[in-house]
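To keep things clear, I will list the structure first and then write my remarks on it.
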């Protein structure tokens, strides 16, 4: 982890594309401004973690559904016809 000191209106550049500027410092925290290409997704950590968990759950549910359908199809093929 890189730890640096920046004052108001000072910035850092990440990968030549993202600029993070300190816009204010208060008792409650630091206010940052971020300039990045439009196609780049930027999230607060708690929002990112919520999205990642929702994606994991969707993948698990999708995998379970696909596995259930595959098992049903195999069972239907292996059952002898009635009658």
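Can you tell me the 0 to 90 degree angle between the C-alpha axis of helix 45-78 and the longest principal axis of the chain, rounded to 10?
The two axes meet at around 10 degrees.
Working out 0.36 nm times the residue gap between residue 55 and residue 36, then minus their Cα-Cα distance, what length gain in nm do you get to one decimal?
Numbers: separation 19, 0.36 × 19 = 6.84 nm, distance 2.44 nm.
Using 0.36 nm per residue and subtracting the Cα-Cα distance, I get 4.4 nm.
When the helices in the chain are scored as -39500 (n - 2.57) per DSSP H run of 4 or longer and the sum is shared across all residues, what 222 nm value do you end up with, to the nearest 500 deg cm²/dmol?
Calculated from helices alone, the mean residue ellipticity at 222 nm is -15000 deg cm²/dmol.
Stretched out fully, how many nm does the piece from residue 3 to residue 48 gain, at 0.36 nm a residue minus the Cα gap?
14.0 nm
If a/c stays under 1.5 just call it rounded; otherwise compare a/b with b/c (prolate if a/b is bigger, oblate if not). Do that for the chain, with a ≥ b ≥ c from the square roots of the Cα gyration tensor eigenvalues. Numbers along the way, then the final one.
Working: a/c = 5.76, a/b = 3.95, b/c = 1.46.
It comes out prolate by the Cα gyration axes.
With a ≥ b ≥ c the root eigenvalues of the C-alpha gyration tensor of segment 1-40, is it rounded (a/c under 1.5), prolate (a/b larger than b/c) or oblate?
prolate
The numbers here are math on the coordinates, done by the rules we state, and not lab data. What you see is a predicted model; the values in this text were computed from it and never measured.
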